[in-house]
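One structure is given here, and the rest of the page talks about it.
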Amino acid sequence: MLEARDVCFSYGVAGRVLDHVSLAVRPGEVVGLTGRSGVGKSTLGRILSGHYRPLSGRVIIDGEPHARGFNPVQYLSQSPAFSVDPRWTVGRVISEAWRPDEAMLRAFGVSEAWYDRYPHEISGGELQRVAVLRALAPGTRYLVADEISAPLDPLTQAQIWMALLAHAQKNGLGMLVISHDRPLLRRIAGRILDL
Amino acid sequence: MAELGERQTLEPLILPRMDNRVRSFAAAAVCLFLILLIPVAALMAGSAGVAPDFTARLVPPDWAHWFGTDQMGRDMFARTAKALTTSLWVGLFASACSVLIAVVMVLVSAASGRWMDALVSLAIDATIGLPHLVLLILICFALGGGPFAVTLALALTHWPRLARILRAEVMQIKQADYIISARHFGKSWAAIAVGHVLPQLVPQMLVGFVLMVPHAILHEASLTFLGFGLEPTSPAIGVMLADSMRYLTAGKWWLGLFPGLCLLLFVLCFDAVGNGLRLIFDPRTAQT
């Protein structure tokens with residue numbers, strides 16, 4: 001289980017962004033997280049993924065805190081362009097985490113023809129699919145998806161979510177889906193939390 | 001017709017946009033030509049410029065001796081070519097070592113956390129805080145002078161400014177999402193540094209190196225001029241300028257003028273290449 005226990009966080013000396021927040025995501029469960037802008041949804045997502053250290057409180061992954069090495073909690077952001085090295089080809093970007101097989105590539109609509117291209121040479125939707133596929137390495141047990149489908153067209157959104165949900169169900173992957181889109185959350189999440 | 005009219009009026013606007021590149025390529029071509037020509041000229045000169053000829057002492061420039069001869073009758077052209085060859089090797093090698101020191105210091109400080117970073121920052125500030133020449137003289141004096149001592153002294157004193165620029169760059173790159181992702185995919189700092197960070201530092205390293213060469217050459221000449229650098233008998237611009245001082249009031253102007261001018265031209269060429277590279281690599285000026 002991925003747990004945030006009594007997590008507090010603030011940026012610098014400004015007021016607290018998160019004040020004693022707790023939540024849990026079980027393996028295979030899809031939890032939606034919503035709330036107004038600036039309430040700290042992405043911050044909580046990044047804390048759960050080990051990007052930020054909480055001011056107080058703890059993050060526990062299957063009974064253990066974050067450790068060095070491969071992080072079982074992967075974070076996906078709204079802008080995949082920032083999460084890939086612009087000087088690396090798509091093939092190199094994916095293989096930094098793992099080497100997906102043909103079936104995975106097909107499921108997420110990633111073409112091997114993109115492998116020799118640079119991130120700026122494929123579209124935003126294609127790059128988001130690459131980022132999602134990269135995050136689903138065998139060691140990933142939980143996924144924090146932060147507004148990953150917001151800038152995409154409805155067809156690409158549907159493709160990504162169908163593939164992701166199928167993968168999560170098959171592999172017992174726990175997912176925290178952060179979004180402002182309540183209808184989307186109602187469709188894909190087992191329960192929705194309002195921050 | 002209207003299109004032709006528009007094109008004619010646009011042409012003068014487009015042509016100046018190539019200026020940076022044209023100027024940089026011209027400077028690079030002259031620089032490369034000098035780098036190739038000077039050692040070849042020095043080799044072809046043989047013992048000229050080193051062996052004294054007391055029958056031709058202090059001869060003004062003529063067709064036999066383009067730059068004249070010095071107080072020992074040595075050909076000043078051959079001597080200048082040999083001196084610039086020494087300066088070139090010392091400058092290139094010292095600058096390469098300085099760039100290496102700066103990169104290693106910055107990557108190690110970025111990998112080792114706050115304490116190491118504070119230590120590297122302190123070393124940068126302390127080295128910049130001390131006047132270059134004082135530090136150079138101290139190191140050369142401690143090592144007893146000579147080409148090795150001068151190169152080492154230059155390498156040990158010229159890294160901090162580049163290190164400061166690289167440190168700021170690495171601090172920024174370290175915060176990038178793709179570096180954080182790489183860390184969360186279990187990559188070591190060494191792999192991240194080689195795969196993600198170093199390629200982004202190449203432009204700064206290259207510009208820093210090219211701009212450091214003329215600086216190092218001038219410092220080598222200054223050190224030698226002051227008597228702490230290369231041996232007084234060896235062909236070196238600093239030695240030649242120091243020797244020329246005694247004869248300037250006697251009207252022997254060629255002894256200082258030609259080596260000084262050659263050094264200036266050499267240094268300005270490197271400087272133009274460095275500045276051109278800086279403008280080309282900077283996205284704000286790359287298209288100008």
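Taken together, the values in this text are just the output of simple stated rules run on the coordinates, not laboratory data. Being a predicted model, the structure only gives us computed values, none of them experimental. Using ideal geometry, Cβ is built from the backbone for each residue, glycine included, and neighbour counts are taken over all protein chains shown.
Please report A:153, B:243, B:75 as a ranked list, fewest other C-beta atoms within 10 angstrom at the top and most at the bottom.
On the way: A:153 12, B:243 17, B:75 24.
Fewest to most other Cβ atoms nearby, the residues stand as A:153, B:243, B:75.
Take the alpha-carbon positions of the range B:147-253, form their convex hull, and give its projected area averaged over all directions (one quarter of the hull surface) in nm².
Working: hull surface 35.6 nm².
Projected area, direction-averaged: 8.9 nm².
Restricting things to Cα coordinates, could you compute the convex hull volume per residue of the range A:23-107 in Å³?
It comes to 162 Å³ per residue, whole-number rounded.
Work out the FRET efficiency for residue B:190 and residue B:66 from their Cβ-Cβ distance, taking R0 = 56 Å, and round it to the nearest 0.05.
E between residue B:190 and residue B:66, to the nearest 0.05, is 0.55.
In the protein assembly as shown, what percentage of the DSSP-assigned beta bridges are antiparallel, given to the nearest 5?
45
For residue B:231 and residue B:135, FRET efficiency with R0 = 22 Å and r from the beta-carbon atoms, rounded to 0.05? Mind dumping the intermediate values first?
Values: r = 21 Å, r/R0 = 0.97.
The formula returns an efficiency of 0.55 here.
So what's the projected area for chain B, the Cα convex hull averaged over all directions, in nm²?
Across all orientations, chain B yields a mean hull projection of 22.1 nm².
What residues qualify as long-range amide H neighbours of residue A:192, i.e. H under 5 Å apart, gap of 5 or more or another chain, H built at 1.01 Å from N?
Residues meeting the criterion, in which the H sits 1.01 Å from N, are A:32.
Using the Kirkwood radius over C-alpha pairs as Rh, can you work out the diffusion coefficient of the protein assembly as shown via Stokes-Einstein at 37 °C, viscosity 0.692 mPa s, in µm² per second? Let's see the in-between values first.
Details: Rh = 27.3 Å.
Rounded to a whole number, D works out at 120 µm²/s.
Do the sum for the protein assembly as shown: with -39,500 (n - 2.57) for every DSSP H run of n ≥ 4, divided by all residues, what is the mean residue ellipticity at 222 nm, to the nearest 500 deg cm²/dmol?
-18000 deg cm²/dmol
What would the Debye equation give as log₁₀ I(q)/I(0) for the range B:55-154 at q = 0.10, 0.12, 0.17, 0.21 Å⁻¹, counting only Cα atoms as equal point scatterers?
Debye curve over Cα of the range B:55-154, log10 I(q)/I(0) at q = 0.10, 0.12, 0.17, 0.21 Å⁻¹: -0.48, -0.61, -0.89, -1.06.
Using the Kirkwood radius over C-alpha pairs as Rh, can you work out the diffusion coefficient of the range B:208-288 via Stokes-Einstein at 4 °C, viscosity 1.567 mPa s, in µm² per second? Walk me through the intermediate numbers first.
On the way: Rh = 14.2 Å.
Approximately 91 µm²/s, per Stokes-Einstein.
Going by how many other Cβ atoms sit within 10 Å of their own, how do B:269, A:8 line up, fewest first? Don't skip to the end; give the middle numbers.
Values: B:269 22, A:8 15.
By the 10 Å Cβ count, ascending, the order reads A:8, B:269.
Determine Rg/Rh for chain A; Rg is computed over alpha-carbon atoms and Rh is the Kirkwood hydrodynamic estimate from the same atoms.
Values: Rg = 16.4 Å, Rh = 17.1 Å.
Reported Rg/Rh, Kirkwood definition of Rh: 0.96.
Say we join alpha carbon atoms closer than 10 Å with springs in a Gaussian network model of chain B; which of B:29, B:168, B:149 then has the biggest fluctuation?
So, out of B:29, B:168, B:149, the one fluctuating most is B:168.
Enumerate the amide H contacts of residue B:72 below 5 Å, restricted to partners 5 or more residues apart or on another chain; note that Pro and chain-start residues carry no placed amide H.
When sequence neighbours closer than 5 places are left aside, the close amide H contacts are B:58.
Which lysines have a Cα lying under 27 Å from the Cα of residue B:174, excluding residues fewer than 8 positions away in the same chain?
A:41, B:187
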